Amino acid sequence: MGKVIPCSGCRHCQFACPKNIPVADYIKLLNDIEMGKDGESGFNSIVERRKVKPSACDHCGKCETACSQHLFIMYNLDRVKEMFES
Ligand code: SF4
Ligand code: SF4
């Protein structure tokens, strides 16, 4: 198991993202899974509310340049994609 990802929820990443991917929601999902919450229902809830899935990411890197916490956003979005979109 990994450890909690220190995302502040600032959403600078989402504002920078040409695809408007709700990165903070997907990182929170990974943290919730780490805490033992149900990932499937969490994922479905984000998709319903935000409409954009991790697979929309084309790895342009703009989010990581904007991230106030210098997080590996693309890697973590790929993790969510592998868990729930493959
Ligand atoms: S790498 Fe993906 S999530 Fe980040 S800005 Fe580009 S499309 Fe958006
Ligand atoms: S910019 Fe970084 S710290 Fe802020 S919400 Fe996005 S992933 Fe989290």
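Throughout, read-outs are computed from the coordinates displayed, never taken from laboratory work. Treat the numbers as computed from the prediction; the structure is a model and nothing was measured. All Cβ positions, glycine included, derive from the backbone under ideal geometry; neighbour counts span all protein chains shown.
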Q. Okay, helix-only estimate at 222 nm for the chain: each DSSP H run of n ≥ 4 adds -39500 (n - 2.57), divide by all residues, round to 500 deg cm²/dmol; what do you get?
A. -15000 deg cm²/dmol
Q. So how much slack lies between residue 72 and residue 45, counting 0.36 nm per residue of separation and subtracting their Cα-Cα distance, in nm?
A. 7.4 nm
**Q.** Dipole of the chain [Lys/Arg +1, Asp/Glu -1 at C-beta], most positive-end residue of 68, 45, 30
**A.** 68
Q.
Straight-line reach from residue 81: which aspartates and glutamates fall under 15 Å, measuring Cα to Cα and dropping same-chain residues less than 8 apart?
A. 25, 40, 58
Q. What is the diffusion coefficient of the chain in µm²/s, taking the Kirkwood radius over Cα pairs and the Stokes-Einstein relation at 20 °C with a viscosity of 1.002 mPa s?
A. 168 µm²/s
(Q) Give the list, by residue number, of cysteines in the chain with no other Cys Cβ closer than 4.7 Å, or say none. (A) 7, 10, 17, 57, 60, 67
Q) Considering only the other residues whose Cβ falls under 15 Å of the Cβ of residue 11, what net charge follows from Lys and Arg at +1 and Asp and Glu at -1? A) +3
Q. Magnitude of the Cβ-charge dipole of the chain, K/R +1 and D/E -1, about the Cα centre, nearest 20 debye?
A. 280 debye
Q. Expressed as a rounded percentage, what relative contact order does the chain have, with Cα pairs under 8 Å and six or more residues apart?
A. 35 percent
